[in-house]
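The values are calculated or read from the model by the stated rules, or taken from the named source; none is laboratory data. Treat the numbers as computed from the prediction; the structure is a model and nothing was measured. Here the Cβ is made from the backbone with ideal geometry for all residues, glycine too, and neighbour counts use every protein chain on show. Calculation scope for accessible area: heavy atoms of the full protein, side chains included, ligands and nucleic acids excluded. Shrake-Rupley method; radii C 1.70, N 1.55, O 1.52, S 1.80 Å.
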Amino acid sequence: VVGLALGVDVGGTKMLGCVLDPARPEAVLLEHRVDTPLGSEALIVELVELVVALGRGAEERGLGAPGSVGSVGIGLPALVDHDSILRFAVHLPGVTDLAVGRLVADRVGLPVTVDNDANCAVVAEVAAGAAAGRREVLLITLGTGIGGGIVTGGRLLRGARGFAGEPGHMTVQRDGVLCQCGRRGCWECYASGRGLGHLARVAAAEGRAPEVRDRAGSVEGIRGEHVVDAATDGDPGAMAVMEEFGGWVAVGLVNLANMLDPEIIVLGGGLVDAGELLLDPVRRSYETLTLGGDHRDPPPVEPALLGSRAGAIGAALVGAERR
Ligand SMILES: [Zn+2]
């Protein structure tokens, strides 16, 4: 008997838990969102509470047989090894070398598997999203930072230690902007939500984006959403920043496509909510930069279909597969 699967996606500010039947991953039966707490101990406590609450909710609503949640999967924005140990997380300050899988499993009494959040998202998009049925898939999440998940030969590429697929920290500009990871010139310094804010602050300081500066109140106060809002209203300065931003996104996508030759590139994460405002400039630069572009069709770049639920759905599937 295959039980229900419970998945949790841990983000930098929020975590989303869901319960589903692994045979029908597109139909989430139950979900709950809570804030991501600060620090290792609080993270484990909050994860346990969320898992217990969702498990109890599934029982009370009579979803499947009583006590029918049979596995837990957790996606973390982190380097996670094959033993479900979080090794390092740029966006979870102070949380390192934490045996998340074992600590949660001990307290909830269910098998728990932990993986990288973008790995979970690509599993979900292949199972029931934009890459349904594909075997060679690259998924990139554009949020506060950048995440990556790679499926090749129909299987998730995890690497020797579980750390494969961290494209956000590919160096694209030697001696470039200082990244939160402590190094310089990482792709996510230019092509994430934080990167968009950086490009817009530079543009505003040079007088190229006055409307964006006015909306933010000051050059220093500009964040990615100010650019997206102003560009949505047709502001030329903001649209020029989006064009520049699309070019930075495309540089990384082309580097990765040259390496992996995927059937499809799926773009997920919060920035994709900007729709064509983001996708148009990305596709324009991407097609220009493609190697041998006159002699091949570059892999299509498509938005993720499962939206902010992809990580939690994929975590549930990863947990169900590994139990
Ligand atoms: Zn970095």
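Only one residue of Leu157, Asn258, Pro25 has its Cα farthest out toward the positive end of the dipole of the chain, where Lys and Arg carry +1 and Asp and Glu -1 on Cβ, and that residue is Leu157.
Accessible surface area normalised per residue over the range 1-68 is 50 Å², counting heavy atoms of protein chains with a 1.4 Å rolling probe. With each label modelled as a point 7 angstrom along the Cα→C-beta vector, the Thr232-Arg155 pair spans 4.3 nm.
Run the dipole for the range 100-222 about the Cα centre, Lys and Arg Cβ at +1, Asp and Glu Cβ at -1, nothing else charged, and hand back the magnitude in debye, nearest 20. Let's see the in-between values first.
Working: 15 positive and 12 negative charges, 58 e Å.
The dipole magnitude comes to about 280 debye.
Antiparallel as a % of all DSSP beta bridges within the chain, to the nearest 5?
On the way: 25 of 44 bridges.
Antiparallel: roughly 55 percent of the beta bridges in the chain.
Between Glu206 and Ala99, residue separation times 0.36 nm minus the direct Cα-Cα distance comes to 33.8 nm.
Between Gly176, Val241, Val272, the Cα set farthest toward the positive side of the dipole of the range 172-305 (charges on each charged residue's Cβ, about the Cα centre) is that of Gly176. Ligands, DNA and RNA left out, the accessible area of the chain computed with a 1.4 Å probe is 50% carbon and sulfur.
Show that you can apply the helix-only estimate: for the chain, add -39,500 (n - 2.57) for every DSSP H stretch of four or more residues, divide by all residues, and state [θ] at 222 nm to the nearest 500. Let's see the in-between values first.
Working: 10 runs with 127 residues, N = 323.
Roughly -12500 deg cm²/dmol at 222 nm, from the helical runs in the chain.
Using a probe of 1.4 angstrom and keeping all protein chains present, the accessible surface of the range 229-295 works out to 46 square angstrom per residue. Taking 13 Å as the cut-off, the amide N atoms of the range 284-315 that come nearer than this to a point 7 Å along the Cα-to-beta-carbon line of Arg134 belong to 298-306. Remark: spin-label model distance Thr288-Arg174 equals 2.4 nm, labels positioned 7 Å along the Cα→Cβ axis.
Couplings 3J(HN,Hα) for the range 106-119, derived from phi with the Karplus relation 6.51 cos²θ - 1.76 cosθ + 1.60 (θ = phi - 60°), are 4, 8, 10, x, 10, x, 10, 10, 10, 9, 5, 4, 6, 4 Hz, where x marks Gly and Pro.
List the trypsin sites (Lys or Arg not before Pro) within the range 166-259 that DSSP assigns to loop and that have no more than 12 neighbouring Cβ atoms inside 10 Å. The partial results should precede the final answer.
On the way: sites: Arg174, Arg183, Arg184, Arg194, Arg201, Arg208, Arg213, Arg215, Arg223; in loops: Arg174, Arg183, Arg208, Arg223.
Filter output for the range 166-259: Arg174, Arg183.
Basic side chains Lys and Arg get +1 at the Cβ, acidic Asp and Glu get -1 at the Cβ, and with that the dipole of the range 56-100 about its Cα centre reaches some 140 debye. Treating the angle as unsigned and between 0 and 90°, give the value, to the nearest 10°, between the Cα long axis of helix 236-260 and the longest Cα principal axis of the chain. It works out to around 60 degrees. Residues whose amide H lies under 5 Å from that of Gly268, counting only those 5 or more places away or on a different chain, are Ile140, Thr141, Leu142, Ala304; hydrogens are built 1.01 Å from N in the peptide plane.
Placing +1 on the Cβ of every Lys and Arg and -1 on the Cβ of every Asp and Glu, with no other charges, gives the chain a dipole of roughly 720 debye about its Cα centre.
Within the range 146-250, which GluC sites (Glu not before Pro) sit in a loop by DSSP and count at most 14 neighbouring Cβ atoms inside 10 Å?
On the way: sites: Glu188, Glu206, Glu211, Glu220, Glu225, Glu243, Glu244; in loops: Glu206, Glu220.
Here the GluC sites (Glu not before Pro) that fit, given the DSSP loop and packing criteria, are Glu206, Glu220.
Projecting the Cα positions of Ala42, Gly133, Gly70 onto the charge dipole of the range 15-143 (unit charges on Cβ atoms of Lys, Arg, Asp and Glu, taken about the Cα centre) puts Gly133 furthest along the positive direction.
Rank these residues by their accessible area, most exposed first, probe 1.4 Å: Phe245, Phe88, Phe163. Could the numbers behind the result be given before it?
Numbers: Phe245 0, Phe88 90, Phe163 70 Å².
Solvent-accessible surface, decreasing: Phe88, Phe163, Phe245.
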